[in-house]
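Reading through the structure tokens given below for one structure.
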Amino acid sequence: EKTVTLRTLRRMKKEGERIAMVTAYDYPSARLAEEAGTDIILVGDSLGMVVLGYDSTVPVTLEEMLHHTKAVTRGARRPLVVTDLPFLTAHLSKDDVLRAAGRLMQEGGARAVKIEGGEEVLSAVRSCVAAGIPVMAHIGLTPQSVHQLGGYLIQGRELESARRLIHEAKQLEEAGAFAVVLECVPEELAESIAQTVSIPVIGIGAGRGCDGQVLVYHDLLQYGAGSSPSFVKVFSQTGQSALSGLQSYVEEVRSGAFPSEEHVFPLKSGVLERLYG
Ligand code: KIV
Ligand code: NA
């Protein structure tokens, strides 16, 4: 199977082949995502919420993103692995942006970075692209700005904000982004953006007209993430299955049913007698 590259994604958009993207945060989730055939794995800063227990993505650091990126890239070869630039990073000086993005690639093994924001991150996008760092953009609901936005709310419902999103998608394409994530926007708007730009538009809560879809691993597998947004479809009850396995384990340890004969190592015959003989 061939490695997914920017060229693969361009071809998929051109041929109307939908792109399947999912987040992953560690070695086993990356292995499974690859085995399932996903095209893009995102080491999302959503890891702050779903695996580190923070209440937003704001506290997530570059060191944490690196740590998880290393685990993911050890587990997946074929999919394009993209890592989020954490909170604030894209707004630092050009040198600092390049240093952070560069570390995610050189040390982490990511093959691209994702940057949240529109107009205000264009220069960061340009700097990365000029340095050979592929950039995936992310507009609409941008969770790093949750405190500014006042919550996880649908974006682009009104004329002005819809216009702004279309404009930003075009600007990001011009700045060299190879794809754009559109989060939580009305279906018709997302579809028209996907038809307007020539780079793939990957939707999350953005309807059926996008060139691809992305969901958070722990949401779609219902794995310990608590309640998920309404745009999430639950594809398996992983948390439930893990919980019932753990409950059986605890029960069997308490009752003595585990370990049983097949899980123990017997001593050679005669040894026990001679041990205390
Ligand atoms: O961090 C993340 O998981 C994301 C996706 C939801 C797009 O940014
Ligand atoms: Na993110």
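Computed from the coordinates by the stated procedures, all read-outs in this text should not be read as laboratory data. Source: prediction; values computed, not measured. Neighbour counts run over all protein chains shown; Cβ positions are idealised from the backbone, glycine included.
Along the chain, the longest continuous region that contains none of the GluC sites (Glu not before Pro) in a DSSP loop with at most 16 other C-beta atoms within 10 Å is 159-277.
On a per residue basis, the convex hull of the C-alpha atoms belonging to the chain measures out at 176 Å³. Residues considered: 21, 65, 12. Largest GNM mean-square fluctuation over the chain, using C-alpha springs under 10 Å, is found at 12. Relative to one another, the C-alpha centroids of the range 80-104 and the range 50-75 are positioned 14 Å apart.
Rounding to the nearest 10 and keeping the result within 0 to 90°, find how far the Cα-based axis of helix 94-106 lies from the longest principal axis of the chain. With rounding to tens, the tilt is 40 degrees.
In percent, rounded to a whole number, the relative contact order of the chain is 14, using alpha-carbon pairs under 8 Å and six or more apart.
Using alpha carbon centroids, what distance separates the range 2-30 and the range 260-277, in Å? Cα centroid to Cα centroid, the span is 54 Å. Restricting the range 214-247 to chymotrypsin sites (Phe, Trp or Tyr not before Pro) that sit in a DSSP loop and have at most 15 other Cβ atoms within 10 Å of their own Cβ leaves 235. Exposure proxy for 68, 263: other Cβ atoms within 10 Å of each Cβ, ordered fewest to most, give 263, 68.
When the chain is treated as a Gaussian network with alpha carbon springs shorter than 10 Å, the biggest mean-square fluctuation among 224, 102, 44 belongs to 224. Note down the net charge around residue 138, summing +1 for each Lys or Arg and -1 for each Asp or Glu among other residues with Cβ under 11 Å from its Cβ. Around residue 138, the surrounding residues sum to -4. Largest GNM mean-square fluctuation among 177, 242, 124, using the chain with Cα springs under 10 Å: 242.
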